[in-house]
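> There's a structure below that I have some questions on.
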Amino acid sequence: MPEKVLMKGNEALAEAAIMAGCRHFFGYPITPQTELAAHMSKRMPKVGGVYLQAESEVAAVNMVLGASAAGVRAMTSSSSPGISLKSEGLSYLAGSDLPALIVNVQRAGPGLGGIQPSQADYWQATRASGHGDFKMLVFAPSTVQEMIDLVADAFSLGDEYRMPAMILSDGLLGQMMEPVVMDDTKRTEVPERPWAVSGHGNKREHNIVNSLYIDPPNLEAILKERYEKYERIKEKEQRCEEYRTDDAEIVLVAYGASARISRSAVDAARKEGIKAGLIRPITLWPYPEKAISSRMATAKAFLCVEMSTGQMVDDVRLIVNGKRPVSFYGRTGGMIPTPAEVLNEIKKMNGGI
Amino acid sequence: MNMNLLLAGFGGQGILFTGKVVAYAGMLDGKEISWLPSYGPEMRGGTANCSVCVSDSPIGSPLVTAPDVLIAMNLPSLEKFESAVVPNGLIMVDSSIVDEKVKRNDVRAVYLPATRLAADSGLKGMANMVMAGRLYKETDFCSDASFKEGIKKSVPARKQELLDKNLAAVEIGLKSGE
Amino acid sequence: MKFQRPHALTDIQFHYCPGCSHGIVHRLVAEAIDELGVEGNTTGVASVGCSVFAYNYFNCDMVQSPHGRAQAVATGIKRARPGNVVFTYQGDGDLAAIGTAETVHAATRGENITVIFINNAIYGMTGGQMAPTTLPGQVTQTTPYGRNVKEAGHPIRVCEMLSTLSGVALAERVSVDSVKNVKAAKKAIKKAFEYQVEGKGYTIIEVLSSCPTNWGLSMQDSLVWIRENMMSYYPLGVYRDIGAEEGKE
């Protein structure tokens, strides 16, 4: 068992990507993801990899597109305003059926917003990452260890389903240090990519990586096929962690940094005799619909906690579909909710049941 | 054991490093720990602070808003965070930099002229580690072996020549107040 | 002598308008690939514009890039496969308007790729709007009274601009308006690919090209228009050639 070390979320994620076989990183400086790119610039030359500081976020994501098309594991990272710039590339990656890892260390928006932690890019990650009908795999770590562990999953599922994957982190997880174990026995192999444009070597027909289908019936057929794949993913890949939900009457739903705070609030509520529990989505797309649906057996009410004005709560409401009350508590603009604030909300709801 | 520590001072006083020492020591002691720096526009000499949680159970928010222990290495830090400290908490002040006293009566205050003590021993710039030594003495947050090992782990390999100085500064803190 | 299709071109029929230069330039690129024997390890990047379907026409592996991003995509491919030959095929809107940043930075990095730049002074695909290379006074759909440089700015001379950058190994402007010039264009394109194979750095060949459809001219008059209007603003020639500079030393 490798020993525990203390690592910053951003650096841990970067190192995990190298461990997962990624040798191509293209980025552009932005707070609070800075350490991730800096770590890559330090490490990539030592492992025979490529670190390239692009002229823009737009260029960086398109370099990822090129590298992925050429058959290697490639990634980029940014923070919220930079992800907006990458949205063009995300759409093209999805439309070209290319795997790639995109990391968003979220900060507050809109516009330049602020640089403190936020979760206000949920809609962007799960709904509106770019133009057109498409989805990305979206993973939401809530510890530095998970910043590591989810990287390999994002790469390998992205490869398996030939689609871009995002790790939706935030400034809190990116900047904090926690003890972690870098277990390289979990290293995943980079699979063969017979579709790659790596040169046909005069041995096969030429490969084309493309998102243009000028004939509408043809494009519709391709989109339908892609959406059938998305349905399979929704069936197979939903992931979440449940905490004290067995008999929970008040079920909190929170991801990432908010989930850490909500977990403390659940413990505090339990101490006061309130049957509270937490569902923590680990995949934001596909969303853990099954877990939330089945929790309706005991739940009298749901409480969504986010560092936004309320985005993921939409998904909870869609699943609960009016059968239970769904409340929301959030702080935004770089403010971080405290366990006491969340406990207060739980108590309010408990009084109201 | 549960300690929520907030360290605050000027950039360049080793605030983040001290937090890292505490975090490493806690980790080596088998505790759950988290370390979170304040971050913002880079400014030399600006204020810096750092949240460290050391606990027997998993850590929720790594952001310390109600510290059990506040280490204030300058006046703005004391003024900003004094009111946030929990009742019966501990406030440690570098009294060679901060002239003011803690105003609250429901907390314990320790005044240590760490900057001067460090300078007097030829350890200029190591007031942070003097404070770390005293923190250990006041809170006993981990074992002695873990504390020393935590310091070793925190000093980067390429700066090992600084390790002895760090340990010497810690000794000053440990012996202070006697 | 038997006139044959180069191997590096597929046998799919081009969709280009009669008199358009794309067909000629495609052929020149394919001939260069054939002559260097690099088809098997070449990846081409098609851009957005009339040549968007170039991925169907070249027999090597191909990627279709977002508008303006061809050189960023090519950078990604080249960094992933440094031993491969990578080229982009871009029009003036793609390269010198929406993709200016990608162009300048690929050039200044000395990205070891070859850029085939089709300058026909107009947007073809979208039906004849002003391009960054549209000449002063030139009438287009979006400069119906002629390009007024006081409002619409001046056309960009891409080779001249890029020739100041140290990463550029070869920047040459050619034309395909005459047999003589087509031969010279072929030579330049092949040289660019050779430089890439030799690892010399960024190479760009700007080709003055015709667009009879959007210029509203006959095929013959289009060629005259290139000579009489474009060549004075965009003089043919070599703007940077580190190979020649090395030769002088």
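> Specify which of the listed residues (B:V54, B:V64) is among the β-branched types (V, I, T), within 14 Å of chain A (Cβ to nearest Cβ) and touching a Lys or Arg at 6+ places or on another chain (Cβ under 6 Å). It would help to see each step written out before you state the result.
Numbers: B:V64 fails: touching a Lys or Arg at 6+ places or on another chain (Cβ under 6 Å).
Answer to the check: B:V54.
> Right, here's the next one. Between B:A72, B:A48, B:A84, which is more than 24 Å from A:E3 (Cβ to Cβ), touching a residue at least 40 places away in the same chain (Cβ under 8 Å) and surrounded by fewer than 17 Cβ atoms within 10 Å (Cβ to Cβ)? Walk me through it before giving the result.
On the way: B:A72 fails: surrounded by fewer than 17 Cβ atoms within 10 Å (Cβ to Cβ); B:A48 fails: surrounded by fewer than 17 Cβ atoms within 10 Å (Cβ to Cβ).
Result of the check over B:A72, B:A48, B:A84: B:A84.
> Out of A:V151, A:V180, which single residue is under 30 Å from C:N84 (Cα atoms), in the same structural domain as A:A37 (by TED's automatic domain parsing) and either surrounded by fewer than 24 Cβ atoms within 10 Å (Cβ to Cβ) or in contact (Cβ under 8 Å) with a residue 12 or more places away in the chain (or both)? Write out each step before concluding.
Values: A:V180 fails: under 30 Å from C:N84 (Cα atoms).
Unique residue meeting the criteria: A:V151.
> So which residues in the stretch C:60-86 are facing chain A (nearest Cβ under 7 Å), under 19 Å from the mean Cα position of the chain (by Cα) and charged (D, E, K, R)?
Passing the criteria: C:D61, C:R69.
> Please verify whether the stretch C:10-30 includes one or more residues that are out of contact with any helix residue (DSSP H, G or I) (no Cβ under 7 Å at 6 or more places or on another chain) and over 20 Å from C:A185 (Cβ atoms).
Yes, the stretch C:10-30 contains a residue that is out of contact with any helix residue (DSSP H, G or I) (no Cβ under 7 Å at 6 or more places or on another chain) and over 20 Å from C:A185 (Cβ atoms).
> Related question: Being surrounded by 15 or more Cβ atoms within 10 Å (Cβ to Cβ) and assigned to a helix (DSSP H, G or I) is the filter here; which residues of the stretch A:230-248 pass it? Please lay out each step first, then the result.
In the first step, residues of the stretch A:230-248 are kept if they are surrounded by 15 or more Cβ atoms within 10 Å (Cβ to Cβ); the result is A:230, A:233-234, A:237-245, A:248.
Correct list: A:Y230, A:I233, A:K234.
> Go through C:E194, C:E206, C:E172 for me and flag whichever is under 24 Å from C:V86 (Cβ atoms) and touching a Lys or Arg at 6+ places or on another chain (Cβ under 6 Å).
On the way: C:E194 fails: touching a Lys or Arg at 6+ places or on another chain (Cβ under 6 Å); C:E172 fails: touching a Lys or Arg at 6+ places or on another chain (Cβ under 6 Å).
It is C:E206.
> Also: Do you know which residues across the stretch A:330-353 are more than 14 Å from every other protein chain (Cβ to nearest Cβ) and closer than 13 Å to A:S258 by Cα?
A:G330, A:T332
> Which of the helices (runs of 4 or more DSSP H) contained wholly in the stretch C:148-220 include at least 2 residues that are without any contact (Cβ under 8 Å) to a residue 12 or more places away in the chain? Even if it seems obvious, please write down each step before you answer.
Values: elements: C:149-152, C:158-162, C:179-197, C:212-215.
Helices (runs of 4 or more DSSP H) meeting the threshold: C:149-152, C:179-197.
> Can you tell me which condition A:A37 does not meet? The list is (1) within 18 Å of the chain's Cα centre (by Cα); (2) at the interface with chain C (Cβ under 10 Å from one of its Cβ atoms); (3) hydrophobic (A, V, I, L, M, F, W, C), and all the others hold.
Every listed condition holds for A:A37 apart from (2).
> Still on this structure, please answer the following. Mind checking which residues of the stretch A:105-119 are farther than 8 Å from A:G334 by Cβ and buried (at least 24 other Cβ atoms within 10 Å of the Cβ)?
A:V105, A:Q106, A:Q119
> Counting only residues that are of a type in the set (D, E) and in contact (Cβ under 8 Å) with a residue 40 or more places away in the chain, which one in the stretch C:87-106 is farthest from the other protein chains (Cβ to nearest Cβ)?
Pass one, the stretch C:87-106, residues of a type in the set (D, E): C:92, C:94, C:102.
If we keep only those that are in contact (Cβ under 8 Å) with a residue 40 or more places away in the chain as well, we get C:92, C:94.
On the way: C:D92: 19, C:D94: 13 Å.
So the residue we want is C:D92.
> Picking from B:D120, B:D140, which residue would you name as being within 22 Å of B:N4 (Cβ to Cβ) and acidic (D, E)? First the steps, then the outcome.
Values: B:D120 fails: within 22 Å of B:N4 (Cβ to Cβ).
Answer to the check: B:D140.
> A follow-up question, please. Can A:T283 be described as away from every other protein chain (no Cβ under 14 Å), in contact (Cβ under 8 Å) with a residue 60 or more places away in the chain and under 23 Å from A:M147 (Cβ atoms)?
Working: away from every other protein chain (no Cβ under 14 Å): yes; in contact (Cβ under 8 Å) with a residue 60 or more places away in the chain: yes; under 23 Å from A:M147 (Cβ atoms): yes.
For A:T283, the condition - away from every other protein chain (no Cβ under 14 Å), in contact (Cβ under 8 Å) with a residue 60 or more places away in the chain and under 23 Å from A:M147 (Cβ atoms) - is met.
> Just for the stretch B:12-37: of the residues that are among the small types (G, A, S) and in contact (Cβ under 8 Å) with a residue 12 or more places away in the chain, which one is farthest from the other protein chains (Cβ to nearest Cβ)?
Out of the qualifying residues, it is B:G12.
> So, one more: If we keep just the residues of the stretch A:286-313 that are touching a residue at least 12 places away in the same chain (Cβ under 8 Å) and among the small types (G, A, S), which is nearest to A:K347 (Cα to Cα)? Spell out how you get there, then give the answer.
Narrowing the stretch A:286-313 to residues touching a residue at least 12 places away in the same chain (Cβ under 8 Å): A:286-293, A:295-296, A:298-313.
This time we only want the ones that are among the small types (G, A, S), so: A:291, A:293, A:299, A:301, A:308, A:310.
Details: A:A291: 24, A:S293: 23, A:A299: 15, A:A301: 12, A:S308: 21, A:G310: 20 Å.
Selected residue: A:A301.
> May I pose another question? Residues being assigned to a strand (DSSP E or B) and either of a type outside the set (G, A, S) or closer than 21 Å to A:P110 by Cβ (or both): count how many of those fall in the stretch A:301-340. Spell out the reasoning first.
As a first pass, look at the stretch A:301-340 and keep what is assigned to a strand (DSSP E or B): A:301-306, A:326-330.
Next cut, either of a type outside the set (G, A, S) or closer than 21 Å to A:P110 by Cβ (or both) only: A:302-306, A:326, A:328-330.
Count: 9.
> Now a separate question. Return the total of residues in the stretch B:131-159 being touching a residue at least 24 places away in the same chain (Cβ under 8 Å) and more than 18 Å from B:G26 (Cα to Cα).
Number satisfying all stated conditions: 0.
The values are calculated or read from the model by the stated rules, or taken from the named source; none is laboratory data. All figures in this text were calculated on a predicted structure; none of them were measured in a lab. Don't worry about glycine lacking a Cβ; one is built from the backbone with ideal geometry, like all the others, and counts go over all protein chains shown.
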